[in-house]
Amino acid sequence: MPMVRQRIPPGIHLIRSLRGKEWSLTTYRYVVLLLTFIAYACYHASRKPTSIVKSILDPEPVHRGLTHPWPVGEVFIKETMMVGNLTASPGKGWVPFNGKDGTAKLGEIDVAFLAFYSAGMYVAGHLGDTLDLRLFLTTGMIGSGIFVGLFGMGYFWNIHVFWFYLVMQMIAGLFQATGWPSVVAVIGNWFGKRKRGLIMGIWNAHTSVGNIAGSLLAASVLQHGWGWSFILPGACIFLGGVMVYLFLAAYPEDVGFACTNGMVSSEAEVLSKDGQAQILKGNDVEAERKPEHGTRERGAAVGILEAFRIPGVIPFALCLFFAKLVAYTFLYWLPFYLSQTEIGGEYVSVKSAGNLSTLFDVGGIVGGILAGYISDKLDARAITAASFMYGAIPVLVLYRIYGGISKTWNILLMMLAGLFVNGPYALITTAVSADLGTHKSLKGNSRALATVTAIIDGTGSVGAALGPLLTGFISTKGWDEVFFMLCVGALIAGLLLSRLVFDEFCERKSERKSKQNAPTDVSGVTQPLLVDQSS
């Protein structure tokens, strides 16, 4: 097995020198959770500007209000005046997106980003299991920041050539592919399976927090020119990459904690005096430290084909294909939809539509946490994910029919849609991916997390590319057709987990039957079944 020499992150080394003592295992875990949370929030924040500026680039007339963005000002703002100098041709959009095929071109730049993102994900996952995760993640964040910013520079350089924006999105997609496999692998390195669904459900709020932050950042500077809506989020992810380089300990071994079969030693099995294996429970106990920092030994990285053969990887990957098709259609088109749809007898401004769309992600935060908690409680990932996808169907129908009645109905139904759409998406990309990346068939090999995560999320990202692309064409016929596509996608996502749902039901039934058949003593306490070992 290859020996990999890691370096202590320079920021941690500096803090150690100043404090004169070491952090505890619990402290390191909190730092890892916080840094990976911020890192992926930055990734999602840098993806939001295209959805915010769609109505500026689109040839439709654009209006704006004169109040501060939510949550400082009102969520809904009436159209009060035409936009001034937001485009090269006031009131006519931005060349090359102001022609008859402008909406389709906006869909094409979305699919360019997501296609390269999904293709790069498979390569990035394998590289993440091979290279230093901290440096790999840093490179991806800094590269993403540069090319997101360059897209916005097209405004200041007065560029009106379609291929420029297409290429910037393609390269940005490749750099963004480094993010998800890396952060999930880091979390998997530091945390065991106990309460993984709840922990990752809370942690996965970074997706929605990033979407909200990206929307607010992009909308807050829109009046100064749409280019700033890209430069500001791009600068944020660039600085986030610097922070990851300085402070992220990607592996417990990097800061001196020993691991057993891919788990930090405080969660590993230990042998008691009588030779029986027990699991440490209760509060985390500080792990045994290695005498040397930075030297560690891990197994060979798992190949992509081998990762595909892990039970459950293919059905969950296909389910995520359709789940992300639905989720990313909202991510890229919800602000545009809100600005073009009458709500309570009024149309909202472009900036207001961007601010309002953040409420979908507020519901998504609740959905991710709820899905993680339920799946932990039931010990049933597939049942939970499928139930949420089926529940999303009637909610999407209600949002389309009743979302325009009033502002209150729109907010409530939008948040409910976010809960059901983002719940299974969050569960599959976090807890399910981590579970499968440490599956028993891997026999303790800890170098499969990034590869498995990349396969699942990479397949899902193909759906994420397809949804916005189809929406760009279908929306020209009407939004009813778009919502029909979303409902069909949610239905297929749930059906793809049918086999796993059936298996989980059988497991739960078998467990209940075993408990009922277990012998009890005279006090009514269930006794463990004894196995005759005389043979």
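The values are calculated or read from the model by the stated rules, or taken from the named source; none is laboratory data. This is a predicted model, so every value here is computed, not measured. No Cβ is skipped: glycine too gets one built from the backbone with ideal geometry, and neighbour counts run over all protein chains shown. In case anyone asks, the SASA skips ligands and DNA or RNA and just uses the protein heavy atoms, side chains included. Shrake-Rupley method; radii C 1.70, N 1.55, O 1.52, S 1.80 Å.
Surface exposure of the range 124-199, expressed per residue as accessible area with a 1.4 Å probe, stands at 34 Å².
Between the listed residues 362, 460, 389, the Cα displaced farthest toward the positive end of the dipole of the range 338-479, a dipole computed from Cβ unit charges relative to the Cα centre, is found at 460. With each label modelled as a point 7 angstrom along the Cα→C-beta vector, the residue 19-residue 309 pair spans 4.4 nm. Remark: for residue pairs 54/105; 100/407; 351/407, the C-alpha separation exceeds 20 Å in 100/407. Between residue 101 and residue 223, the simple spin-label model (points 7 angstrom out along Cα→Cβ) gives 3.7 nm. Label separation (residue 511 vs residue 156): 5.6 nm, computed from points 7 Å beyond Cα along the C-beta direction. For the residues 105, 513, a 1.4 Å probe over the protein chains yields an accessible-area ranking, largest first, of 513, 105.
Phi angles across the range 204-212 convert, under the Karplus curve 6.51 cos²θ - 1.76 cosθ + 1.60 with θ = phi - 60°, into 3J(HN,Hα) values of 5, 4, 4, 4, 6, 4, x, 4, 5 Hz, Gly and Pro given as x. Placing 243, 485, 141 in order of accessible area, with the largest value first and a 1.4 Å probe, yields 243, 485, 141.
Converting phi to 3J(HN,Hα) with the Karplus coefficients 6.51, -1.76 and 1.60 and the offset θ = phi - 60°, the range 340-351 yields 9, 10, 6, 10, x, x, 9, 9, 8, 6, 4, 5 Hz in sequence order, with x at every glycine or proline.
Per-residue Karplus couplings for the range 163-172, computed as 6.51 cos²θ - 1.76 cosθ + 1.60 with θ equal to phi - 60°, are listed in order as 5, 4, 5, 5, 5, 4, 5, 4, 5, 4 Hz, Gly and Pro entered as x.
For the range 104-120 versus the range 21-47, the inter-centroid distance based on Cα atoms is 29 Å. Multiplying the residue separation of residue 401 and residue 135 by 0.36 nm and removing their Cα-Cα distance gives an extension gain of 90.9 nm. Around the amide H of residue 257, modelled in the peptide plane, lie the amide H atoms of 290, all under 5 Å away and 5 or more residues distant in sequence or on another chain.
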